[in-house]
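See below for the structure under consideration.
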Amino acid sequence: MYRATIIDFEQGCKCLEAGVSELKRILEEETSETRIDPKQYLELYTTIYNMCIQKHPHDHSQRLYNKYHDIVEHYAKKTVLPCVQQKHDEYLLRELSRRWDHYKVFVKWLSHFFNYLERFFIPQRNYPSLLEVAMKSFRNRVYLEVQVNAKDVVIALIDKEREGAQIDMELLKNVLDIFVQSGMGTIERYKEDFEMFLLEETESYYARKASRWIQECSCPEYMIKSEESLKKEKERVTHYLHSSTESKLVEIVQDILLVSVAKHLLEKEHSGCSALLRDDKTDDLSRMYRLYHPIPKGLEPVADAFRIYVAREGNALIKQAQDAAANGSLVEAQVLVGKIIDLHEKYMVYVMDCFKNHTLFHKALKEAFEVFCNKKVAGSSSAELVANFCDSLFKKSGNDKLSDEAMEATIDNVVKLLDYISDKDIFSEFYRKKLARRLLFDHHKVNKEHETSMITKLKRQQGGQYTSKMEGMVTDMQLAKEFQKGFKGSLTAKPGGIDLAVTVLNTGFWPSYKTSTDLNLPREMVECVEAFKSYYGTKTNQRKLRWLYSHGTCHVIGSFDPKPIELVLSTYQAVVLCLFNNTERLTYQEIIEQLNLSHEDLVRVLLSLSCAKYRILNKEPASKSISTTDVFEFNSKFTSTMRRIKVSIPPPPIDERKKVVEDVDQDRRYAIDACIVRIMKSRKVLPHQQLVSQCVEQLSRMFKPDIKMIKKRIEDLITRDYLKRDAKNHHIFNYVA
Amino acid sequence: MRRSSAASKKKSDSVTTDLFRSGSSKEMDRIDHLFNQYANTSSNLIDPEGVEQLCSNLEVSHTDIRILMLAWKMKAEKQGYFTQEEWRRGLKALRADTINKLKKALPELEKEVRRQTNFADFYAYAFRYCLTEEKQKSIDIETICQLLDIVMGSTFRAQVDYFVEYLKIQNDYKVINMDQWMGFYRFCNEISFPDMTEYNPELAWPLVLDSFVEWISEKQA
């Protein structure tokens, strides 16, 4: 509507004030909808609009802006504040919330009226917006006056809720919104006037709880309560607190409930970490992991407790075996490795499930095993025990036999176990010796797949150099078989009338054996040896064969009076018996002179043939032991129900363990020497301690070197002019090129 | 006329040698004369018999450290023998051409050897002097014990006594090499005795000293 007249400021204000009063009245009535009569609204809007666009000096924009400010100030100071200040406790909050809602509506409508200012005048002058002005007034006139009381009431209510009471969450949300808004774009007011106090209160609240719970509750119970508390606090945030409070609240609760009592909690006598492990309480352990995982370094005490427990279990197994061995039972030692493997599997499950495959727990398990896996039982190192275990594993037959799957799983476990043993080179030596025996003496029982699987897995974990000799041994057996075929094919007739089979071993791969070329073979066997030698010479270039008759087997037909019987013998035994082809009786002296065997070997052979299960020879006198004056006679009366018998001969009593330790010691000395020279060659100058520590590190894959040995090798290398001491500082070494 | 510098140098060289022959050639003659008094005429060396005679004339025992010092001054190579060249070298350096002058020169010689800068060299020399076989690198325990007593006995009595006792009862070492020998010298100089607080077995001390220190600690406990 076009008005020809100018609106005077006072006139306009009157109209405005009428509208404002109307607005206030409507708000007080609190009808479901706050609406100004559209006509009145339009009139107000237009009035203000006109007052703004009027030409100077009737352009009242600035005065209107000020008027707006006065209106909101007045409303806040004279209406809102007194109403709120009259109330207390929850009523205070309710009133505050109510008045806040009113204020927002009030301001919204006012903004509609003064909309023209907002769109043109304010941006032009770069003044604070209408909303900002209103907020500022509310903050200054109302918020600052009541915030302390309000804050106290809110916190009291929160405490009540923590104790289990129901509270009006919407109310709190609304009230806290006032705190947030009063920050005028920053979160400062909320933080300083409310959050700070909340956090303080939370801390003392949970401190009280913690000290009570830790006394009264078992570890699982305490953890459940903690988990609950954390959950509740997080819910609290979503319900009515500002989101930025969550991380701070969680940190406080975690700190008070979990971190400060960690030691006490985990070590609780009947319900702490070790008890939970003992009783297989996977749920509780998973909870423990969940609770401590988000805390920085929180898992360390848990992993520690785990490690200590597993180490204790392992040590107990070791002690059991040691005690049994001391009492004469050696069975425990053999069973020990199996038990350790089982232990490992058991606790690996915990690591994977409850502890979610976390590296800290893998590490704890490893460290625990390294503690007890290197202890000796009855003089045998763990390396030896594991090698024995493998030997029995591969020799199993009949009912004891494992399925392929079970075998593979066990092999995997053994290889994993090896990782914990520090003397890996001792294991490899023992393993090799036993592998050699299996391949040579039980070759018909050997399961090639299993043997190769073990070697492949060892290779993957320890590297090719570790397993190269073992691989060589297995390959040798294969090559020997093929070569034998060729040999057989080349023969037109049986040399000496004997079926000969030769296995050629590569010296570098196999353990060292004493050769027995001094042995005087019977003529037929000599023909065999010569036949093979010449064939071998045609097939290979400049290789020397060393014959190990001590390791051979012979099948001999014994023509006894009752019936002929096939005898499965060692070559030594066969050679002795063959002497009796030419004569019925022989003295010990004659035998030893004709054969050129060592005394120890001959005694063993004669015992097996004359004093043991099968009496192939008769001995005079018929005592149980062999003396050099004995006389032997072919027992033509010998017989058995079977057509073929194996006459076993006990192996020579070598102290295998001593030899292995000696060999390994020697190898270690070379390895240390090589390592020192290698390090010094690259570094040229190095202080003693660093040289030693680098040496230890480089060799740790194979064994744990003795520091004294390293020192000794260094001194030896100085004498051999590989290194020398620095002239100025004799704790530093220089490489001598 | 100016002679060329090269020519004049040559000339001065010949002048020196002339001096050697003429001026102090008398001294050298006397030194040689003294040599011949002790030397074995067929080998032209002073052999152990001659050394004994020399010692008695000098009024020192032949196990006295001063004879060893004399050998050092001579840079004598073979234990128990002095060649003419070595004899000349030593006595000329000491400015001694008679037996009396030699006797008088001994205290001064001792002072010279005991100087910190020389003693380490002397100590090492003493070890090498005892290596009688070619390619020999170590000395047996008994000889070492004697040598220690001679060389270090007066300055480090306590250490020597303890170490000698240890060497005699232990079984790990049958011989001592140069590195271990020098290690003991450093030990005496750097480590206070008998508390040995500065000794750290994790450093590069020879292993024999580590064992030695351990043995002493056990004894004291």
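Things worth noting here:
- The C-beta contact set for segment B:207-221 (first residue closer than 12 Å to B:Asp172 by Cα, second residue open to solvent by less than 90 Å² (accessible area, probe 1.4 Å) and basic (Lys, Arg), distance under 8 angstrom, 6+ apart or interchain) comprises B:Leu207/A:Lys711.
The rows are residues; the columns are (1) in a helix (DSSP H, G or I); (2) open to solvent by less than 60 Å² (accessible area, probe 1.4 Å); (3) at pLDDT below 90.
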| residue | (1), (2), (3) |
| --- | --- |
| A:Arg432 | yes, yes, no |
| A:Leu435 | yes, yes, no |
| A:Ile455 | yes, yes, no |
| A:Leu458 | yes, yes, no |
| A:Thr467 | yes, yes, no |
| A:Thr492 | no, no, yes |
| A:Trp510 | no, yes, no |
| A:Thr517 | no, no, yes |
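- Residue in segment A:608-621 that is of a type in the set (Val, Ile, Thr) and either open to solvent by 30 Å² or more (accessible area, probe 1.4 Å) or modelled with pLDDT of 90 or more (or both) present: no
- Scanning segment A:631-658 for residues being assigned to a helix (DSSP H, G or I) and open to solvent by 70 Å² or more (accessible area, probe 1.4 Å) gives a total of 2.
- Subset of segment A:349-381 [farther than 15 Å from A:Tyr289 by Cα, among the aliphatic types (A, V, I, L, M) and surrounded by fewer than 21 Cβ atoms within 10 Å (Cβ to Cβ)]: A:Val371, A:Ala378
- Per-region count, segment B:166-179, residues over 14 Å from B:Met152 (Cβ atoms) and either surrounded by 13 or more Cβ atoms within 10 Å (Cβ to Cβ) or touching a Phe, Trp or Tyr at 6+ places or on another chain (Cβ under 9 Å) (or both): 8
- The residues on offer are A:Asn447, A:Asn413, and the sole one that is within 39 Å of the chain's Cα centre (by Cα) and modelled with pLDDT under 90 is A:Asn447.
- Of the residues making up segment A:650-671, those that are farther than 13 Å from A:Asp425 by Cα and either touching a residue at least 24 places away in the same chain (Cβ under 8 Å) or of a type in the set (Lys, Arg) (or both) are A:Pro650, A:Pro652, A:Glu656, A:Arg657, A:Lys658, A:Lys659.
- Residue check for A:Leu110: in contact (Cβ under 8 Å) with a residue 40 or more places away in the chain and within 60 Å of the chain's Cα centre (by Cα): no
- Qualifying positions in segment A:302-331 - of a type outside the set (A, V, I, L, M), open to solvent by 50 Å² or more (accessible area, probe 1.4 Å) and not in a loop (DSSP other than H, G, I, E, B): A:Asp304, A:Arg307, A:Arg312, A:Glu313, A:Lys319, A:Gln320, A:Gln322, A:Asp323
- Segment B:114-133 residues that are without any contact (Cβ under 8 Å) to a residue 12 or more places away in the chain, paired with ones that are open to solvent by 20 Å² or more (accessible area, probe 1.4 Å) (beta carbon under 7 Å, 6 or more apart): B:Asn118/B:Glu112
- Within segment B:177-202, residues that are touching a residue at least 40 places away in the same chain (Cβ under 8 Å) and within 12 Å of chain A (Cβ to nearest Cβ) reach partners that are among the hydroxyl-bearing types (Ser, Thr, Tyr) and crowded, with 17+ Cβ neighbours inside 10 Å with beta carbons closer than 7 Å, at six or more positions or on different chains, in the pairs B:Asn177/B:Ser138; B:Tyr185/B:Tyr123.
- Output for segment A:382-413, where each listed residue is among the acidic types (Asp, Glu) and either touching a Lys or Arg at 6+ places or on another chain (Cβ under 8 Å) or open to solvent by less than 10 Å² (accessible area, probe 1.4 Å) (or both): A:Glu384, A:Asp391, A:Asp412
- Any hit, segment A:549-559, residues being within 17 Å of A:Pro650 (Cα to Cα) and touching an Asp or Glu at 6+ places or on another chain (Cβ under 9 Å): yes
- Filter result for A:Thr202 (free of Cβ contacts under 8 Å to residues at least 12 places away in the same chain, in a helix (DSSP H, G or I) and touching a helix residue (DSSP H, G or I) at 6+ places or on another chain (Cβ under 9 Å)): no
- Looking only at residues of segment A:680-711 that are assigned to a helix (DSSP H, G or I) and of a type in the set (Ser, Thr, Tyr), we find that the one that is nearest to the other protein chains (Cβ to nearest Cβ) is A:Ser693.
- A:Ile256 meets each of the listed conditions (1) more than 27 Å from A:Leu299 (Cβ to Cβ); (2) part of a helix (DSSP H, G or I); (3) touching a Lys or Arg at 6+ places or on another chain (Cβ under 9 Å) apart from (1).
- Lone unmet requirement of (1) under 17 Å from A:Lys160 (Cα atoms); (2) part of a helix (DSSP H, G or I) for A:Arg189: (1)
- The single residue among A:Leu157, A:Leu117, A:Leu144 that is more than 59 Å from the chain's Cα centre (by Cα) and part of a helix (DSSP H, G or I) turns out to be A:Leu117.
Here is a yes/no grid of residues against (1) within 30 Å of A:Leu385 (Cβ to Cβ); (2) within 14 Å of chain B (Cβ to nearest Cβ):
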residue: A:Ile672; (1), (2): yes, yes
residue: A:Val677; (1), (2): no, no
residue: A:Arg713; (1), (2): yes, yes
residue: A:His730; (1), (2): no, yes
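The values are calculated or read from the model by the stated rules, or taken from the named source; none is laboratory data. As the structure is a prediction and not an experimental result, all values here were calculated from the model. All Cβ positions, glycine included, derive from the backbone under ideal geometry; neighbour counts span all protein chains shown. Remember, those area values only see protein heavy atoms, side chains included, never the ligands or the DNA or RNA. Shrake-Rupley method; radii C 1.70, N 1.55, O 1.52, S 1.80 Å.
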